[in-house]
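Structure, as structure tokens:
Each reported figure results from applying straightforward, stated rules to the coordinates on display, with no laboratory input. Keep in mind the model is a prediction, meaning the values are calculated, not measured. As a convention, Cβ positions derive from the backbone with ideal geometry for all residues, glycine included, and neighbour counts pool all protein chains shown.
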Amino acid sequence: MDDDLRSLLEENIRLAKDNNRLLRSMRRAAIIGFFGRVLFWVIILGVPAYLYLTYLAPVVSHVMAQGQAGQDSFLRLLSFPTQTLQHLVPQASSSTPPLLP
């Protein structure tokens, strides 16, 4: 009975050590997986942001400035000169007869 009990205790210790080894391995894999996912999302979200700020933002701001300058010159081309309008309005109002006598 003593040998039987001893063999059961040794089997129990062996199983506990094997269980502990497996649990440590699972925990290590979970921690590495967590940091891997964090690194993955930092790369997925960080690389496009870096590329936008480095290469695309200056181009977009330059194009927007050129578009604004083009829009201003286009509006200036279509608009009436204000000095001419200031002279025409008093002349038109003095030369037209009133609608009601």
Counting only backbone N atoms under 12 Å from a point 7 Å out along Cα-to-Cβ of ILE32, the residues of the range 6-26 in range are 25-26
Taking the range 1-59 as the region of interest, what is the percent of Cα-Cα pairs per 5 angstrom bin, listed from the shortest bin to the one with the maximum distance?
4, 15, 10, 10, 8, 8, 8, 6, 7, 5, 5, 4, 3, 3, 2, 1, 1, 0
